[in-house]
1. I need a count of the residues in the stretch 243-253 that are surrounded by fewer than 22 Cβ atoms within 10 Å (Cβ to Cβ) and either in a helix (DSSP H, G or I) or out of contact with any helix residue (DSSP H, G or I) (no Cβ under 9 Å at 6 or more places or on another chain) (or both).
2. Can you tell me which of 306, 223 is farther than 30 Å from residue 178 by Cβ and touching an Asp or Glu at 6+ places or on another chain (Cβ under 9 Å)?
3. Quick one: how many residues across the stretch 1-35 are in a helix (DSSP H, G or I), among the hydrophobic types (A, V, I, L, M, F, W, C) and open to solvent by 60 Å² or more (accessible area, probe 1.4 Å)?
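The values are calculated or read from the model by the stated rules, or taken from the named source; none is laboratory data. No experiment lies behind these values; they were computed from the predicted model shown. Positions of Cβ are backbone-derived with ideal geometry, glycine not excepted, and every protein chain shown enters the neighbour counts. Note: areas computed on protein heavy atoms with side chains; ligands, DNA, RNA excluded. Shrake-Rupley method; radii C 1.70, N 1.55, O 1.52, S 1.80 Å.
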Amino acid sequence: MKCETAKENILLASYGELPDEYAIPLEQHLDECDDCRSELEALHELDQRLALLPVVEPSPNFLAQARVRLDDALDAIPPHGMFTHLRRGMFAWIGHVQSAPALATLLLGVGFLAGNFTYRYEVAHAPKPKSTVTLSNPTLATIANVTGIVQTPNSELVQVKYNKVVPETMEGSLDSPEIRQLLLAGTNAAATNGVRSDSVALLAHECKAGHECTGGTDGQGIRSALLVSLRYDKNAGVRLKALEGLQHYVGQDRRVRDAVLEALMHDSDAEVRTTAIGMLEPVQADSSVREVLRTVSTQDENPYIRTASYQALQGAADIQ
């Protein structure tokens, strides 16, 4: 067996395409030929190195764009141009190659090795990329967090995996659980876009209209969210809206009554405190309510608040 034939058989054997009748002559030739044995060892070493390299898959967007550009380019070619003849000749040649599996395998292996060496050469000698970032769909979502980073060996190519937050919109009735859940989440939104104020206003309207306005001891529900807004929201307008939504429950919910009393004593806005006084009218006979009104009527710095509290106390005395 000649060395040229042996090298071709080595390549076929590496892909499992070497016929059995050529296997034994190839082994005998390798035992006698140092050059062909070195060729086989180099091929094994190449396979081991290639196995360590990551497989780079093109993105779906890139493939779609490539197909569209290829279709446009093919449509722009004249029907009987030189490229058409070459393409027909290439397809005919491929048909002949398909009838010879061994030759096709050989050509495939040579093409694979040549392409791999070309790719590695281009990566090693490619100019350093500029510090730019390209997003596949920059207008569809916001980057939430980065989940992984993979760098191509011996290059400056980096693959970054990340998650995106996609804005969505939901439309429905105020009575639907999904809309209510979103409004409850909106009570904790930032104050810059008015979402928090609008959410509290809509939830308070639901309570005033007599719709479901639950509020358990676990801190869940619309009533509990309004209590949190009344106690901790920095916007006086939001606190007023929360008070309006809680007005119906002052007489039946002790937590609501305590929150209104707390607002009367400690809220920084005079309008909120005045509204709280008016809300306590149905429960003025309660001893804790009278105690707070008495304290505010004598010790508060605002004379109007003192007067309103004193008048509320007089009304409580008439009730008794």
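1. 5
2. Within the list 306, 223, the selection yields 306.
3. Summing the residues that are in a helix (DSSP H, G or I), among the hydrophobic types (A, V, I, L, M, F, W, C) and open to solvent by 60 Å² or more (accessible area, probe 1.4 Å) in the stretch 1-35 gives 1.
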